[in-house]
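These notes are about the structure you will find just below.
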Amino acid sequence: MKIYLLAPLLLLLTFSLKAQEITETNSDKIYELAREEYQNSNFERSLAYTRRGLELAPEYHDIRILQIRNYWALENYAAADEDLDLLLETAPEYVDVKPLVLQRVNRFQGELQALNFIERVEKIYPEDNGLQIRKAQLYLQLKRRKDARDLAMDLFQGPGLTGEERYALQLILNRSVTDEVGINYQYIGFSEDYSRNDPWHSISGEYQHNFGRTATIARVTYSDRSFKKGNLYELEAYPVFNDRFYAFANMGVSNGELFPDFRGSLSLFYNFAKVFEGEIGGRFQRFNGNDLSTGILGLTLYQGKFYFNARAFLGPEIGGELVRNYQGNVRYYLSTADNFLFLRIGNGISPDERVLSTQALENPLLEAYYGTLGVNFSLGVHHLVQVGAGALYEDITANRQGTQFIGSVGYRYRF
């Protein structure tokens, strides 16, 4: 009796298999059907179509690329790599093959495997910036900081970088430094409009150490205004959460003579649309017994060799008036991330201007305008120098204006 029941079942299964058999012979139509199944996440069915398509047209590259994507979706990387190797051997310049290579790099479970793959395929694409940038990133992840920095420096000096690639290289160069020490000097002179026009002098020393992807800095600033002197002690950090998201945090204390008794800062930065970086944050200061808060919004664009940044500082509210500062920053990179011209212009005095910020707190209703122009350049791998000069035009009182002349020079040693 069981045999009689089994026979119809076998017949039904045979009909079912026949129904699933692919009889289409037009390779273009097969590709369309395979792509439709892939888009609907029917990867096994799509794979059946791509296999049939390649039987009919072994050199139909779009079908083979789709087959690779099916294998990836099914986590069959060995089979996908066989097809990818065939494309690299027979059609490496086909339009969609190179992007496929970069995607394969990002699918490796280990950094060393990914690096070995890049070192194999870079012989096919020796001039590809994207592949080389990914290689530098892998060096960094494998704690080969010197290799990462050397490669990123070579790439930064090369032609044809997009804003996205320049941004990625800038991150690699920033994260490939282990330690830095620096010293900065600032001179502020005054026009005859001021009742006191003895120059101010400020000097700061700092030490930076990178713990993995997080840079930490200790800084001491000494300022001499001839009639008053003061010190500011600061700690700050730049924790990096991923390639798009990082933060800035700062805490400083002083004796309250020239600087706020306490200052705290926090900003969050997020990279989006490949070349934009947004900032949202705040600053807090305790000055002359008052607690003062400032909100910050910023937007940065990396475009070719240019860096454009706009920031708005809103607050604190003093005497019923909201203190405002608007600032624009432009950099033009000459050869590497360490060699650039910079320009800063602004209205008002921001809380990030350590030496000058208390002027805005003491005279919140008075207007100020400033501009600074300078150059940052490297001498070899270890030495960095920055020189800047500018002027600040401000209301001294409601009826009197004056100009401050600002000059600065800084030196940093990386090791």
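Taking Cα pairs under 8 Å and at least six residues apart, what relative contact order does region 27-176 come out at, in percent?
Working: 136 pairs, mean separation 19.1, N = 150.
Here the relative contact order equals 13 percent.
List nothing, just return the count: lysine pairs in region 27-176, 8 or more apart or interchain, with Cα separation under 14 Å. Please list the in-between numbers first.
Details: Lys98/Lys123; Lys123/Lys135; Lys135/Lys143; Lys135/Lys146.
Close lysine pairs found across region 27-176: 4.
Kindly report the accessible area of the chain per residue (heavy atoms of protein chains, probe 1.4 Å, no ligands, DNA or RNA), in Å².
Values: 21820 Å² over 415 residues.
Roughly 53 Å² per residue, with all protein chains present.
With only Lys, Arg, Asp and Glu charged, each at its Cβ (+1 for the first two, -1 for the last two), find how big the charge dipole of region 179-414 is about the Cα centre; round to the nearest 20 debye. Could the numbers behind the result be given before it?
On the way: 20 positive and 24 negative charges, 113 e Å.
With Lys and Arg at +1 and Asp and Glu at -1, about 540 debye.
If you average the C-alpha positions of region 311-371 and of region 72-106 separately, how far apart do those two centres end up, in angstrom?
Going from one Cα centre to the other spans 50 Å.
Taking 8 Å as the Cα distance limit and 6 or more residues as the minimum spacing, I'd like the relative contact order of the chain as a percentage. Could you put the intermediate results ahead of the total?
Working: 806 pairs, mean separation 38.4, N = 415.
Relative CO of the chain lands at 9 percent.
Per DSSP H run of at least 4 residues, take -39500 (n - 2.57); add these up for the chain, divide by its residues and hand me the 222 nm value, nearest 500 deg cm²/dmol. Kindly include the intermediate steps, with their values, before the conclusion.
Numbers: 11 runs with 139 residues, N = 415.
Mean residue ellipticity at 222 nm (helix-derived): -10500 deg cm²/dmol.
Enumerate the amide H contacts of Thr214 below 5 Å, restricted to partners 5 or more residues apart or on another chain; note that Pro and chain-start residues carry no placed amide H.
Val240
Gap in Å between the Cα centre of region 107-178 and the Cα centre of region 250-291?
Taking the Cα centre of region 107-178 as reference, the centre of region 250-291 is 33 Å away.
Pairs of Cα atoms under 8 Å, at least six residues apart: use those to get the relative contact order of region 179-414, whole percent.
Numbers: 622 pairs, mean separation 36.2, N = 236.
Taking the mean separation of contacting Cα pairs over the length of region 179-414, I get 15 percent.
Largest first and in whole Å, what are the equivalent-ellipsoid semi-axes of region 206-252 based on the Cα gyration tensor, each being the root of 5 times an eigenvalue?
Details: eigenvalues 178, 20, 8 Å².
Sorted largest first and rounded, they come to 30, 10, 6 Å.
Which one, (i) 71, 54, 50; (ii) 98, 43, 40; (iii) 112, 48, 33, gives Cα extents along the principal axes in Å as derived from the coordinates shown?
(iii)
If you roll a 1.4 angstrom probe over the protein chains with everything in place, what fraction of the accessible area of region 264-355 belongs to carbon and sulfur, to the nearest %?
Details: 2570 of 4280 Å².
Carbon and sulfur: 60 percent of the exposed surface of region 264-355.
Could you compute how much accessible surface Thr300 exposes when probed at 1.4 Å, giving the result in Å² to the nearest 10?
10 Å²
Express in Å², to the nearest 10, the accessible area of Lys146 obtained by rolling a 1.4 Å probe over the protein heavy atoms while all chains stay in place.
Around 140 Å² of this residue is reachable by solvent.
From the Cα gyration tensor of region 179-414, with a ≥ b ≥ c the square roots of its eigenvalues, which class applies: rounded if a/c is under 1.5, or else prolate if a/b is larger than b/c, or else oblate? List each step's numbers first, then the result.
Numbers: a/c = 1.44, a/b = 1.33, b/c = 1.08.
Judged from the Cα gyration tensor, region 179-414 comes out rounded (a/c under 1.5).
So how strong a dipole does region 27-176 carry about its Cα centre when Lys and Arg Cβ are +1 and Asp and Glu Cβ are -1, to the nearest 20 debye? Before the final figure, lay out the partial values.
Details: 21 positive and 26 negative charges, 157 e Å.
For this selection, approximately 760 debye.
The values are calculated or read from the model by the stated rules, or taken from the named source; none is laboratory data. Note that the structure is a prediction, hence the values are computed from the model and not measured. FYI the Cβ positions are ideal-geometry reconstructions off the backbone, even for glycines, and counts take in every protein chain you see. Ligands, DNA and RNA are excluded from the accessible area calculation, which covers all protein heavy atoms including side chains. Shrake-Rupley method; radii C 1.70, N 1.55, O 1.52, S 1.80 Å.
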